[in-house]
Amino acid sequence: MSALQEFKKFAMQGNVIDLAVGIVIGAAFSKIVTSLVEDIITPTVLTPALKAAKLSDLSQLVIPGTAIKYGNFLSNIISFVIVAASLFIIIRLINIAKKNEPAPPPVPKEASSTDALLVEIRDLLKNKS
């Protein structure tokens, strides 16, 4: 098997495709959360604090005399909390949905050849009696 064919087989496996879809959706979700934090939450929650500090942007929050921008750090923490809470809720809903699904019926196990022979012998002995 050539390396190209082997790679094609690997890339077409379900797990790889599922992972790729998850990454794309995650990137899009990240943009939504970033916009939510920077465009909605930050202005409504932190605007009074920024006005008190006489700043117009969260990125201007720095420790005096250093290059440490704790405003961006706060924004990233808020984004992380929102993403983590969203994922928790989604996974919780999925788990609840899985609990409500009926369990698949148990698959009867196929008798081994020894068991099949013993059943035949038993049936033959019953028929003789």
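The values are calculated or read from the model by the stated rules, or taken from the named source; none is laboratory data. Being a predicted model, the structure only gives us computed values, none of them experimental. All Cβ positions, glycine included, derive from the backbone under ideal geometry; neighbour counts span all protein chains shown. The accessibility values were calculated without ligands, DNA or RNA, using every heavy atom of the protein model including side chains. Shrake-Rupley method; radii C 1.70, N 1.55, O 1.52, S 1.80 Å.
For the reader, a short list of remarks on this structure follows.
- Stretch gain in nm, segment N127-A28, where the contour uses 0.36 nm per residue and the Cα spacing is subtracted: 28.5 nm
- Volume per residue of the C-alpha convex hull in the range 35-81, rounded to whole Å³: 66
- For the pair V16 and T47, label points projected 7 Å from Cα toward Cβ lie 5.0 nm apart.
- Carbon plus sulfur fraction of accessible area for the chain, probe 1.4 Å, in percent: 68
- Check: the chain dipole with +1 on Lys, Arg Cβ and -1 on Asp, Glu Cβ, in debye: 200
- Where the alpha-carbon atoms of the chain are placed on the principal axes, they occupy 103, 45, 24 Å, in descending order.
- Percent RCO, i.e. relative contact order, over the range 20-129, from Cα pairs under 8 Å lying at least 6 residues apart: 18
- Projecting the Cα atoms of V16, P104, A67 onto the dipole axis of the range 1-125, where Lys and Arg carry +1 and Asp and Glu carry -1 at the beta carbon, places A67 farthest toward the positive end.
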